[in-house]
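For reference, the structure discussed in these notes is given below.
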Amino acid sequence: MKNLLVVENMDTLRELVYDELTEAGYKTVAAHSVAEGRELVKYFTPDLALLDIKLPGESGVEFAKELKKQWPKLPVIFCTAYYDKDTMKEIGDTEVADFFLKPFDLDVLKQRIKELIG
């Protein structure tokens, strides 16, 4: 079973994604913030991270960079409601597997995850 880390501050979306990915057969953990995500990865090694960019307190992009230092081959998918020059600049040289603009199709997301990690 593959491990997925989801960090999304919008409760309804986080719960929906968690439920869908768990139902699809992934061991999924979900957090509201980067701080919560950091706590989870102390005890959970993700095979893929699904991160919102705009999170309370800290950026999902900065968290992605932290995760990539620990697990250089970790696929990261960003989800965001913002697709503008500032967002793209923030992502910068972060190695990203994919980028989904909210609202997104959960079936497309699940297919992409399957392509990346099985």
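With unit charges on the beta carbons (Lys and Arg positive, Asp and Glu negative) and the dipole taken about the Cα centre of the chain, which residue among Gln70, Asn3, Ala81 sits farthest to the positive side?
Most positive-ward Cα: Gln70.
Excluding Arg38 itself, what net charge comes from residues whose Cβ is under 12 Å from its Cβ, given Lys and Arg +1 and Asp and Glu -1? Don't jump to the answer; show the numbers that get you there.
On the way: positive: Lys42; negative: Glu36, Glu39, Glu58, Glu62, Glu66.
Around Arg38, the surrounding residues sum to -4.
Excluding Arg112 itself, what net charge comes from residues whose Cβ is under 12 Å from its Cβ, given Lys and Arg +1 and Asp and Glu -1? Before the final figure, lay out each step's value.
On the way: positive: Lys110, Lys114; negative: Asp98, Asp105, Asp107, Glu115.
So the surrounding residues net to -2.
Given the options Leu51, Leu74, Leu13, which has the most mean-square fluctuation in a GNM of the chain, springs set between C-alpha atoms less than 10 angstrom apart?
Fluctuation is largest for Leu13.
Using helices alone, what [θ] at 222 nm do you get for the chain, with -39,500 (n - 2.57) per DSSP H run of 4 or more residues, divided over all residues and rounded to the nearest 500?
Taking each H run of at least 4 residues, the total per residue is -13000 deg cm²/dmol.
Could you work out the relative contact order of region 3-117? I mean the mean sequence separation of Cα pairs under 8 Å and 6+ apart, divided by the number of residues, in percent. Spell out each step's value before the answer.
Values: 169 pairs, mean separation 27.7, N = 115.
Computed value for region 3-117: 24 percent relative contact order.
Excluding Glu20 itself, calculate the net charge of residues whose Cβ lies under 12 Å from the Cβ of Glu20, where each Lys or Arg counts +1 and each Asp or Glu counts -1. All intermediate terms of the calculation are to be shown ahead of the outcome.
Values: positive: Arg14, Lys110; negative: Glu15, Asp19, Glu23, Asp105, Asp107.
So the environment of Glu20 carries a net charge of -3.
Place a +1 charge on the Cβ of each Lys and Arg in region 3-117 and a -1 charge on the Cβ of each Asp and Glu, then give the dipole magnitude about the Cα centre in debye, rounded to the nearest 20.
Working: 15 positive and 22 negative charges, 77 e Å.
Once rounded to the nearest 20, the dipole reads 380 debye.
Which percent, nearest 5, of DSSP beta bridges in region 3-117 are antiparallel? List each step's numbers first, then the result.
Numbers: 0 of 17 bridges.
Here the share of antiparallel DSSP bridges comes out near 0 percent.
Values quoted throughout were computed directly from the atomic coordinates according to the rules given, and no laboratory measurement underlies them. Since the model is a prediction, treat every value here as computed from it, not as a measurement. FYI the Cβ positions are ideal-geometry reconstructions off the backbone, even for glycines, and counts take in every protein chain you see.
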